[in-house]
1. Restricting to the range 236-245, name every residue that is without any contact (Cβ under 8 Å) to a residue 40 or more places away in the chain and surrounded by fewer than 24 Cβ atoms within 10 Å (Cβ to Cβ).
2. Starting from residues that are free of Cβ contacts under 8 Å to residues at least 40 places away in the same chain and crowded, with 20+ Cβ neighbours inside 10 Å, keep the ones in the range 247-259 and report whichever is farthest from the chain's Cα centre (by Cα).
3. In the range 170-225, what residues are among the aromatic types (F, W, Y) and not in a helix (DSSP H, G or I)?
4. Suppose we filter L229, L220 for residues that are hydrophobic (A, V, I, L, M, F, W, C), over 20 Å from H307 (Cα atoms) and in contact with an Asp or Glu (Cβ under 8 Å, 6 or more places away or on another chain); which single one remains?
5. Within the bounds of the range 361-379, is there any residue that is within 17 Å of E320 (Cβ to Cβ), among the acidic types (D, E), out of contact with any Lys or Arg (no Cβ under 8 Å at 6 or more places or on another chain) and not in a helix (DSSP H, G or I)?
6. Could you pull out every one of the helices (runs of 4 or more DSSP H) wholly within the range 235-332 that has 3 or more residues that are basic (K, R) and within 24 Å of G198 (Cβ to Cβ)?
Amino acid sequence: ARGSSRRGTRGSAAPAAAAAVPTRQDTPGLRRDEGIDHASVHTTPHHHHHHHHLHPQPFHVAATALPGGGEGAYGCGLTGNLDVIACRAELLFHRGDYEAAYALTRPVLCCGRDPYALQLLPVHLAAATQLAAYGSEARSDLFLLGHRLTEEHPELAVSWYAVGCYYLAARQPEAARRYLGKATQLQKGFAPAWLAYGHAFSAQDERDQAMSAYRTAARLFPGLHNPHLGLGAEYCATANLPLAERALLAAYDICPNDPAVCHELGVLMYKCGQTAAAAMWLDRALQLLPGGRPTVHWEATLVALGHCMRKLCRFNVAAECYSAALALAPASPGTLAALGYVAQLAGDPRVAVEHYHAALALRPDDPFATDMLRLALQEFAEAAAAAEAAEGKEVEAAAAAAVAAKTMNPAAPPVPAVGTAAAPASGAV
């Protein structure tokens with residue numbers, strides 16, 4: 001669910017909208033931080049209890065919690081244990097590394113080793129949904145897996161959850177709601193189905209139904225942070241900022257190392273006018289990603305951080321954020337317009353005009369880019385006229401200086417014109 005416009009903060013990132021796998025509380029590396037390492041910054045004006053001292057803190061993950069990251073399970077002969085693989089995949093998923101999570105589960109489920117490994121199916125389907133939403137081949141895997149599961153095991157909730165995930169990835173939320181609703185009826189204790197059910201309503205801007213699904217999930221699964229995250233995103237989208245803050249801080253209490261939670265807190269701070277705090281949370285979200293390298297799923301976070309830096313008058317950093325976002329999603333007219341705007345604010349109307357033209361080539365009816373292009377062209381013309389006038393004044397000043405020098409020293413020989421040779425002296429060869 002996207003909480004605000006592209007030029008505002010890009011709202012909720014896709015990772016927050018599709019994180020349909022509940023966090024395992026015993027997953028290695030997912031622990032609650034104790035100390036605080038940032039200066040004290042209030043979250044919102046409405047928040048007056050102890051949470052106003054919560055701030056990002058560096059994320060440390062045990063080496064054994066990641067694939068190939070130490071001996072750990074490998075030294076104990078648990079390399080192929082499905083429960084260990086499920087824990088690793090869920091950790092990677094909640095850290096925002098959907099490609100790695102999918103690569104870990106696909107060989108088991110789609111390559112014949114154990115196509116009915118139930119402990120792997122929820123995280124595999126959620127990761128595939130994330131990847132399929134951006135044109136990955138995972139969509140075909142979703143289709144085949146859902147078709148096979150519903151044919152062979154129609155009594156399982158995860159079978160219909162797979163079909164719902166396929167329709168979510170195909171951007172058909174109405175069909176997804178139908179199958180996800182069936183999954184919740186077959187097994188009321190299946191958390192991923194409730195979360196995805198809320199996402200399907202949110203995709204159609206049906207806020208009340210989405211919040212109802214998230215509240216049900218929060219009541220049935222009090223140890224999960226995902227329902228609170230969904231509620232916070234919905235409250236933020238409806239401008240109910242105090243309740244959004246309460247829900248998001250509840251999610252942060254449970255899982256402070258989920259970058260999607262930090263992204264949503266950054267969006268909330270931006271809407272509350274606390275730009276510095278928003279930049280801190282968004283930067284924290286990017287730092288939590290594996291290796292600090294965002295993928296296309298986190299392009300919205302980079303754009304939102306660019307907006308914050310622009311408002312803080314750090315135009316160079318803002319331009320870097322927008323450029324990084326464009327490297328992930330080149331065909332983004334909103335990001336191109338934002339890059340032009342920050343160039344215009346930095347006093348470079350020529351570059352601004354180039355970016356506005358690029359934005360309008362992708363979206364000709366963009367009112368912001370159209371209006372700002374007109375202003376940038378006017379500024380560019382004024383700057384060119386000012387530069388021409390300044391050059392003319394320099395020429396006049398040079399001529400006046402030459403006349404003054406000649407007046408003060410009339411006996412001095414005339415200075416030969418440029419490009420002419422002086423007459424040779426008498427007797428010169």
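1. Scanning the range 236-245 gives T238, A239, N240, L243.
2. A247
3. Of all residues in the range 170-225, those among the aromatic types (F, W, Y) come to 179, 190, 194, 197, 201, 214, 221.
The answer is F190, F221.
4. Unique residue meeting the criteria: L229.
5. Narrowing the range 361-379 to residues within 17 Å of E320 (Cβ to Cβ): none.
Checking the range 361-379: not a single residue is within 17 Å of E320 (Cβ to Cβ), among the acidic types (D, E), out of contact with any Lys or Arg (no Cβ under 8 Å at 6 or more places or on another chain) and not in a helix (DSSP H, G or I).
6. Where helices (runs of 4 or more DSSP H) fall fully within the range 235-332, none carries at least 3 residues being basic (K, R) and within 24 Å of G198 (Cβ to Cβ).
Each row is one residue, and each column tells you yes or no for (1) touching a residue at least 60 places away in the same chain (Cβ under 8 Å); (2) under 30 Å from G292 (Cα atoms); (3) more than 20 Å from the chain's Cα centre (by Cα); (4) surrounded by fewer than 22 Cβ atoms within 10 Å (Cβ to Cβ).
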{"residue": "L92", "(1), (2), (3), (4)": "yes, yes, no, no"}
{"residue": "G96", "(1), (2), (3), (4)": "yes, yes, no, no"}
{"residue": "P107", "(1), (2), (3), (4)": "no, yes, yes, yes"}
{"residue": "L125", "(1), (2), (3), (4)": "yes, yes, yes, no"}
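Residues checked against (1) under 30 Å from P330 (Cα atoms); (2) modelled with pLDDT under 95; (3) of a type in the set (S, T, Y):
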site: G96; (1), (2), (3): yes, yes, no
site: G112; (1), (2), (3): no, yes, no
site: R139; (1), (2), (3): yes, yes, no
site: G146; (1), (2), (3): no, yes, no
site: T150; (1), (2), (3): no, yes, yes
site: L156; (1), (2), (3): no, yes, no
site: Y161; (1), (2), (3): no, no, yes
site: A169; (1), (2), (3): yes, yes, no
site: Y197; (1), (2), (3): no, no, yes
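The values are calculated or read from the model by the stated rules, or taken from the named source; none is laboratory data. All values reported here derive from a predicted model rather than from experimental measurement. No Cβ is skipped: glycine too gets one built from the backbone with ideal geometry, and neighbour counts run over all protein chains shown.
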